[in-house]
Amino acid sequence: MNIYVIMKKTFDTEEKITLQNGKINEDGAEFIINPYDEYAIEEAIQIRDANSGEVTVVTIGGEEAEKELRTALAMGCDKAVLINTEDDLEDGDQFTTSKILAEYFKDKDADLILGGNVAIDGGSGQVGPRLAELLDIPYVTTITKLEINGNQATVVRDVEGDSEVIETSLPLLVTAQQGLNEPRYPSLPGIMKAKKKPLEELELDDLDLEEDDVEPKTKTIEIYMPPKKEAGKVLQGELDAQVKELVSLLRNEAKVI
Ligand SMILES: Cc1cc2nc3c(=O)[nH]c(=O)nc-3n(C[C@H](O)[C@H](O)[C@H](O)COP(=O)(O)OP(=O)(O)OC[C@H]3O[C@@H](n4cnc5c(N)ncnc54)[C@H](O)[C@@H]3O)c2cc1C
């Protein structure tokens, strides 16, 4: 099987994030594989091991995304592709990303493309569905189980705590939800092997794309941190007095009633 994972390098949102000139300050930030993409990578490896074939992990980013690609190779992917837009593009949005990926996949004969349900930084959940639409293949989002039988796929997807079972056919794009599997940690031999696995680097030119073809359709106006949480207030005294004070606080201070 010809299996692909689309992977995004993201900020580690567990670490402290600071802003500088309206942008996230990359200097002190930690970067990781988008956690939902780790589920996609694990699932791709398991499906390859059960059906044979190979797994290629693809990312759009700068030179430094090589680190996350090597991690994916160390987990067990066979090949990596970095579509490096650093020299060609200053801005990009979900349109840009999915359009570039669609050009890459145009002649790839992919049986299965796996991605994350959502990126924990940008968080739009658009890239997977947009890519499938551009490639004109079926897609199922937020999946928690995937069974492949020949050309057929049975997929379970998470629908707000309930489950939906969908039958469809390959080629197929799916996006991974937490619970799909337990992503492995790269082993030491895996890390050693990853150094020798192929990592191809492409630029827009190689995909016959011009800057104008992928110009973003949206503009980010402002990025800001959420307001600091105030310390909580514990009301004291008789119950009647507490209720009166609570109503007064909700009306006059919080202004929610
Ligand atoms: C050239 C370029 C410049 C950009 N410049 C900026 C900028 O200045 N400021 C800014 O805030 N953002 C920038 N972005 C990021 C962009 O706005 C979005 O973050 C990106 O398009 C993905 O959208 P999302 O984060 O909502 O991901 P989602 O749609 O939530 O991601 C879902 C899944 O799609 C896949 N995916 C997402 N992104 C990629 C990727 N890059 N490569 C491979 N697979 C992917 C992953 O599987 C991911 O789990 C840029 C992107 C590009 C391509």
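The values are calculated or read from the model by the stated rules, or taken from the named source; none is laboratory data. Predicted, not measured: the structure shown is a model, and the values here were computed from it. Using ideal geometry, Cβ is built from the backbone for each residue, glycine included, and neighbour counts are taken over all protein chains shown. The accessibility values were calculated without ligands, DNA or RNA, using every heavy atom of the protein model including side chains. Shrake-Rupley method; radii C 1.70, N 1.55, O 1.52, S 1.80 Å.
Can you tell me which residue within region 120-153, out of those that are over 12 Å from Phe95 (Cα atoms) and open to solvent by 70 Å² or more (accessible area, probe 1.4 Å), is nearest to the ligand (Cβ to nearest atom)?
Once the filter is applied, the top-ranked residue is Tyr139.
For Glu26, are the conditions met, namely being within 12 Å of the ligand (Cβ to nearest atom), open to solvent by 50 Å² or more (accessible area, probe 1.4 Å) and either outside the structural domain of Gly115 (by TED's automatic domain parsing) or closer than 30 Å to Lys228 by Cβ (or both)?
Details: within 12 Å of the ligand (Cβ to nearest atom): yes; open to solvent by 50 Å² or more (accessible area, probe 1.4 Å): yes; either outside the structural domain of Gly115 (by TED's automatic domain parsing) or closer than 30 Å to Lys228 by Cβ (or both): yes.
Judged against the criteria, Glu26 is a match.
The rows are residues; the columns are (1) within 19 Å of Asn181 (Cβ to Cβ); (2) more than 10 Å from the ligand (Cβ to nearest atom); (3) small (Gly, Ala, Ser).
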{"position": "Leu69", "(1), (2), (3)": "no, yes, no"}
{"position": "Ala72", "(1), (2), (3)": "yes, yes, yes"}
{"position": "Ala80", "(1), (2), (3)": "no, yes, yes"}
{"position": "Thr85", "(1), (2), (3)": "no, no, no"}
{"position": "Ser98", "(1), (2), (3)": "no, no, yes"}
{"position": "Phe105", "(1), (2), (3)": "no, yes, no"}
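Please enumerate the residues belonging to region 154-189 that are in a strand (DSSP E or B), small (Gly, Ala, Ser) and touching a residue at least 40 places away in the same chain (Cβ under 8 Å). Steps first, please.
First, pick out the residues of region 154-189 that are in a strand (DSSP E or B): 154-159, 162-169, 172-176.
Then keep just the ones that are small (Gly, Ala, Ser); that gives 163, 169, 176.
Within region 154-189, Ala176 is the sole residue that qualifies.
For residues in region 209-218 being of a type outside the set (A, V, I, L, M) and in contact (Cβ under 8 Å) with a residue 40 or more places away in the chain, which is surrounded by the most Cβ atoms within 10 Å (Cβ to Cβ)? Step through it out loud before you land on a result.
Of region 209-218, the ones of a type outside the set (A, V, I, L, M) are 210-213, 215-218.
Still in the list and also in contact (Cβ under 8 Å) with a residue 40 or more places away in the chain: 211, 213, 215-218.
Details: Glu211: 12, Asp213: 13, Glu215: 14, Pro216: 16, Lys217: 10, Thr218: 12.
Checking each candidate, the answer is Pro216.
Considering each of Glu66, Glu15 in turn, give the residue that is open to solvent by 20 Å² or more (accessible area, probe 1.4 Å), over 17 Å from the mean Cα position of the chain (by Cα) and assigned by TED's automatic domain parsing to the domain that holds Leu173. Give the steps one after another, and end with the answer.
Working: Glu66 fails: over 17 Å from the mean Cα position of the chain (by Cα).
Exactly one of Glu66, Glu15 is open to solvent by 20 Å² or more (accessible area, probe 1.4 Å), over 17 Å from the mean Cα position of the chain (by Cα) and assigned by TED's automatic domain parsing to the domain that holds Leu173, namely Glu15.
Looking at region 190-208, which of the residues that are part of a helix (DSSP H, G or I) and of a type in the set (A, V, I, L, M, F, W, C) is surrounded by the fewest Cβ atoms within 10 Å (Cβ to Cβ)? Steps first, answer last, please.
Kept after step one, since they are part of a helix (DSSP H, G or I), are these residues of region 190-208: 190-194, 204-207.
With the extra rule that they be of a type in the set (A, V, I, L, M, F, W, C), the set shrinks to 191-192, 194, 204, 207.
Working: Ile191: 14, Met192: 10, Ala194: 20, Leu204: 19, Leu207: 17.
Going through the qualifying residues, I end up with Met192.
Can Glu222 be described as in contact (Cβ under 8 Å) with a residue 60 or more places away in the chain, open to solvent by 100 Å² or more (accessible area, probe 1.4 Å) and in a loop (DSSP other than H, G, I, E, B)?
Working: in contact (Cβ under 8 Å) with a residue 60 or more places away in the chain: yes; open to solvent by 100 Å² or more (accessible area, probe 1.4 Å): yes; in a loop (DSSP other than H, G, I, E, B): yes.
For Glu222, the condition - in contact (Cβ under 8 Å) with a residue 60 or more places away in the chain, open to solvent by 100 Å² or more (accessible area, probe 1.4 Å) and in a loop (DSSP other than H, G, I, E, B) - is met.
Output the residues belonging to region 107-119 that are within 28 Å of Thr220 (Cβ to Cβ) and either in a loop (DSSP other than H, G, I, E, B) or within 6 Å of the ligand (Cβ to nearest atom) (or both).
In the first step, residues of region 107-119 are kept if they are within 28 Å of Thr220 (Cβ to Cβ); the result is 113-119.
Result: Gly115, Gly116, Asn117, Val118, Ala119.
Would you call Lys79 assigned by TED's automatic domain parsing to the domain that holds Gly190, closer than 21 Å to Thr141 by Cβ and of a type in the set (Lys, Arg)? Please lay out each step first, then the result.
On the way: assigned by TED's automatic domain parsing to the domain that holds Gly190: yes; closer than 21 Å to Thr141 by Cβ: no; of a type in the set (Lys, Arg): yes.
No: the conditions fail for Lys79.
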